[in-house]
Each structure stands twice: as structure tokens, then as C-alpha cells.
1. In whole Å, largest first, what are the principal axis extents of the Cα atoms in the stretch 1-59?
2. Skipping prolines and chain starts, which residues have an amide H placed within reach, meaning under 5 Å, of the one on Ile47, given they are 5 or more residues away or on another chain?
3. Restricting attention to the alpha-carbon atoms of the stretch 4-124, what are Rg (one decimal) and Dmax (integer), both in Å?
4. May I ask you to evaluate 6.51 cos²θ - 1.76 cosθ + 1.60, the Karplus curve with θ = phi - 60°, for each residue of the stretch 81-87 and list the ³J(HN,Hα) values in order in whole Hz, giving x for glycine and proline?
5. Any idea what the relative contact order of the chain is, in percent, if you count C-alpha pairs under 8 Å spaced at least 6 apart?
6. Return the whole-Å distance between the Cα centroid of the stretch 80-99 and the Cα centroid of the stretch 1-64.
Amino acid sequence: METLRVAEAADRVVVTLDRPERRNAIDQRMVDELHEVCEALERDPRILVLTGSDGVFASGADIAELRERTAVDARHAINATIFTRIAELPMPVIAALDGYALGGGAELAYAADFRLGTPRLRVGNPE
């Protein structure tokens with residue numbers, strides 16, 4: 001995977017959003033890779049832990065990519081698919097949050113069943 005680091009154990013899968021050069025901004029590649037993780041978990045259920053790299057959970061949608069789409073298309077492609085799928089997973093989903101969780105990053109955290117944050121956590125929807 002290009003945008004995620006996945007560590008698997010018998011009882012859990014830890015997925016680290018790993019686009020530090022973009023502060024873990026969510027792009028279509030990340031959405032596609034998160035769908036791959038969900039597909040695997042639907043076949044072999046385990047706890048899912050979502051976290052971010054380099055002290056940032058996720059800074060939201062990748063604005064550079066959004067410029068190439070209409071606003072409605074961009075929101076539909078990200079929000080209506082992966083956030084709902086994660087929220088509906090039949091196993092516990094934990095968001096381990098540090099740094100910023102903004103816009104789509106906050107929504108990704110909201111999709112989890114449990115959210116745990118460090119004192120450095122800042123959640124918001126700046127758009």
C-alpha cells in the first residue's frame with residue numbers, strides 16, 4: 001500500500017495513515033486502500049485501530065486532488081463511501097488520535113466506534 005501502513009495481529013489490524021508530506025491528507029488512493037482494508041476485515045473480522053503518522057491523524061481531504069473535481073463529486077467519493085463503510089464494520093473500530101483531525105480527518109475519526117486522543121489533539125471542520 002502506498003498511503004497506509006498496515007500491521008496485522010491475531011486480534012487486530014492497526015492502520016496508520018502515512019502521507020506525512022501532506023499531513024496525512026485523504027486522497028482517492030487512501031480511500032481505495034481503506035476500502036481494501038475493510039474488505040479484508042469483512043472476510044476476517046478483527047479490531048481495527050486507525051491512527052496517523054508523524055503526530056497528525058489527518059488534515060482532511062487532499063485539496064490538490066479536490067481541485068480536479070467538482071465539490072459534490074469530491075464529497076461523494078470520500079464521505080459517502082469510506083466513512084459509512086467504516087462506521088458499519090461489524091467489529092470495533094478505534095481511532096487513536098494525535099495532532100490534527102480536520103475536515104475529512106475528523107469525519108474519519110467520527111466513523112470509529114471509539115476515539116482516544118492525546119492532549120495534543122485538535123479536532124475541527126474548518127471548511
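Nothing in this text is a laboratory measurement; each read-out follows from the coordinates by a stated rule. Values in this document were obtained by computation on a predicted structure and should not be read as measured data.
1. 32, 21, 15
2. Result for Ile47 returns Arg12, Val13.
3. Here Rg and the maximum Cα pair distance are 13.4, 41 Å.
4. Ordered by residue, 3J(HN,Hα) equals 10, 6, 5, 5, 4, 5, 4 Hz.
5. 25 percent
6. Between the Cα centre of the stretch 80-99 and that of the stretch 1-64, the gap is 10 Å.
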